[in-house]
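The values are calculated or read from the model by the stated rules, or taken from the named source; none is laboratory data. All figures in this text were calculated on a predicted structure; none of them were measured in a lab. Heads up, the Cβs are rebuilt from the backbone with ideal geometry, glycines too, and the neighbour counts pull from every protein chain shown. What goes into the accessible areas is simple: the full protein's heavy atoms, side chains included, and nothing from ligands, DNA or RNA. Shrake-Rupley method; radii C 1.70, N 1.55, O 1.52, S 1.80 Å.
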Amino acid sequence: ILALVILPSVHATIFIEKSLKDRYNLGEEVLLSGYVMRNTDFDGLMSVEFLCDNATFQLPFTALTLESGQRKNFPQDFKTPKIIIPVSLTGRCSIRAALHEGGLLESVTSEGFLITKELEGDFVIDNTKIQLGRTFSLTGDAYRLNGDGIDGVGEVYFTGNGSRFLMDAISIRDGIFKYNYEYSAIPQGNYEIDLLVRDTFGNQKLFEKLT
């Protein structure tokens, strides 16, 4: 357990467990855990907020009561607001939790983490040599950094001979997609297949040279 106390107090202790990941995607939930302890009675509020490079986002307050010497763990003994990475955030961030009772009593800041739009994927092409009248299938999985399959869209590009062709846009559901190609009226030559994947939260990645 690691916490950085910004405003030390002999009357209150807040700990945030070292359970956060190094990287999160837009729209991903951050699971925050830790505990609050007081050596005097407390009847006030707990706040949680994002602290990022260029922005601060406040979440709703949580009402909290403690008796002297009592310890409450979150989220087991009380719930903090659901923490979802806002779609407007990228870069390095941390989370600050604080106790308020007629003013700020104490706050604690988590270790930093990176918010990124990066996605991951696995792809299979059943035929890399395209001939007139022949087809091929591009199948695969696209997913977030936490392994959850995405809902979104993929754009299939052929790149080569000094040109770049947008061949199709395909739907992605639960991370799974399939694209069937039939020869189109483009100049003959060698082409590389690129796939631009986007999900509903704005995460995206261009997967290049799939062939």
Which net charge results when you count Lys and Arg as +1 and Asp and Glu as -1 among the other residues whose beta-carbon is under 14 Å from that of Q70? -1
Take every Cα-Cα pair in segment 87-180 and report what % of them are more than 15 Å apart. 74
Return the carbon/sulfur percentage of the accessible area of the chain, one whole number, probe 1.4 Å, all protein chains in place. 48
Roughly how many Å² of K79 are accessible to a 1.4 Å probe, to the nearest 10? 140
How much area per residue is accessible in the chain when the probe is 1.4 Å and only protein heavy atoms are counted (Å²)? 54
Just one of (i) 1.45; (ii) 1.65; (iii) 0.98 is Cα Rg over 2.2 N^0.38 Å calculated from these coordinates, so which is it? (i)
At 1.4 Å probe size, put M167, M46 in order of accessible surface, largest to smallest. M167, M46
Residue span L206 to E118: 0.36 nm per residue of separation minus Cα-Cα distance leaves a gain in nm of 30.7 nm
Highest mean packing first, using Cβ neighbours within 10 angstrom, the peptides 103-116, 182-195 sort as 103-116, 182-195
With x for Gly and Pro, the residue-by-residue ³J(HN,Hα) of segment 41-50, computed from phi through the Karplus equation 6.51 cos²θ - 1.76 cosθ + 1.60 at θ = phi - 60° and given in whole Hz, is 4, 9, 9, x, 10, 10, 10, 9, 8, 7
Simple spin-label estimate for N180 and K79 in nanometres, 7 Å along Cα-Cβ: 4.5
